[in-house]
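Trainee: I have a structure I would like to understand better, so I am pasting it below and will then ask my questions one at a time.
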């Protein structure tokens, strides 16, 4: 009898304990999730920034990253609808669907039926969860282009500041393309992005006949966060400048184009913005709202941003 009892006992405790361990391995507290629920959970801030992504960096009030993420997500979705006619599903709509699901079968049927629609718009704007204070990142997918998107948002703040005032969000920084934070990665991203605005030093066959790229004045504005090597500020500036043809000149006072370089941990991003970037307070929404306090200041800001055009 003693031998029989020993054979029944196994390392790791009782069957109930083992069931508890199995539950702990899941990311949903042991609860089964429908595809719809998984999509919804991911939309609240998962994933990571990867080479090939485009997006928007945002700074926010300290210790308000969660509220700022929700606030910015709503604002971006509203602007996407106004600017591009892209309508996103609201969380309220998703919650109503969750409450109306009678069983697993109906849940799956709803998910399959709405999958095509969500692929079209729900994932065009998606927050990425970062372990970084006061900084957010949203992935932005076509047909939305980050630089145009942020520029339109800032212009709207200038022309119609009453549409939306952000409580937690400060600066928005669009990223046309992300890559690896290495010298090679920065060069690859730089060539793709800069080639749309400048003649490049070693790519004459593609750029020498483009009259729209001739003789532009530019400035380079790099920022690094949580990155120690191998990219340093001076090296970033030198590497970006070396990609651009000598017919274009550096002008830190009144550039026609501003090259923004953002380095975060193991990824880097590059974008090129127009000369009204400065008059639009470097896309700082909080400062733009402050500048609208008097009609005289608002008129001066609108005039400066309209005059610094393409």
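The values are calculated or read from the model by the stated rules, or taken from the named source; none is laboratory data. Predicted model, so just to flag it, every value in this text is computed and none were measured. Cβ atoms come from the backbone with ideal geometry, glycine included; neighbour counts cover every protein chain shown.
Trainee: Filter region 201-234 for residues that are in contact with a helix residue (DSSP H, G or I) (Cβ under 8 Å, 6 or more places away or on another chain) and modelled with pLDDT of 95 or more; which is farthest from residue 178 (Cα to Cα)?
Mentor: Result: 220.
Trainee: Of the residues in region 78-90, how many are touching a strand residue (DSSP E or B) at 6+ places or on another chain (Cβ under 9 Å), crowded, with 19+ Cβ neighbours inside 10 Å and touching a residue at least 40 places away in the same chain (Cβ under 8 Å)?
Mentor: Taking region 78-90 and keeping what is touching a strand residue (DSSP E or B) at 6+ places or on another chain (Cβ under 9 Å), we get 80, 86, 88.
Within this subset, residues satisfying the condition of being crowded, with 19+ Cβ neighbours inside 10 Å are 80, 88.
Filter once more, so that each one left must be touching a residue at least 40 places away in the same chain (Cβ under 8 Å): 80.
Number of matching residues: 1.
Trainee: Let me ask something else. Only one residue in 257, 249 is surrounded by fewer than 19 Cβ atoms within 10 Å (Cβ to Cβ) and touching a strand residue (DSSP E or B) at 6+ places or on another chain (Cβ under 9 Å). Which one? Let's see the steps before the verdict.
Mentor: Details: 257 fails: surrounded by fewer than 19 Cβ atoms within 10 Å (Cβ to Cβ).
After ruling out the rest, the residue left standing is 249.
Trainee: I'd like the residue in region 215-261 that is assigned to a strand (DSSP E or B) and over 22 Å from residue 283 (Cα atoms) and, out of all such residues, is nearest to the chain's Cα centre (by Cα). Break it down stepwise before answering.
Mentor: Looking only at region 215-261, we keep the residues that are assigned to a strand (DSSP E or B), and these are 217-225, 244, 249-250, 257-261.
Adding the requirement that they be over 22 Å from residue 283 (Cα atoms) leaves 244, 249.
Working: 244: 26, 249: 30 Å.
Checked region 215-261; the qualifying residue nearest to the chain's Cα centre (by Cα) is 244.
Trainee: Could we say that residue 56 is within 30 Å of residue 185 (Cβ to Cβ), in contact with a helix residue (DSSP H, G or I) (Cβ under 9 Å, 6 or more places away or on another chain), in a loop (DSSP other than H, G, I, E, B) and at pLDDT 95 or above here?
Mentor: Numbers: within 30 Å of residue 185 (Cβ to Cβ): yes; in contact with a helix residue (DSSP H, G or I) (Cβ under 9 Å, 6 or more places away or on another chain): yes; in a loop (DSSP other than H, G, I, E, B): no; at pLDDT 95 or above: yes.
Against the criterion (within 30 Å of residue 185 (Cβ to Cβ), in contact with a helix residue (DSSP H, G or I) (Cβ under 9 Å, 6 or more places away or on another chain), in a loop (DSSP other than H, G, I, E, B) and at pLDDT 95 or above), residue 56 does not qualify.
Trainee: Also, I was wondering about something else. Which is closer than 19 Å to residue 147 by Cβ, modelled with pLDDT of 55 or more and over 14 Å from the mean Cα position of the chain (by Cα), of 82, 110?
Mentor: On the way: 110 fails: closer than 19 Å to residue 147 by Cβ.
After applying the criteria, what remains is 82.
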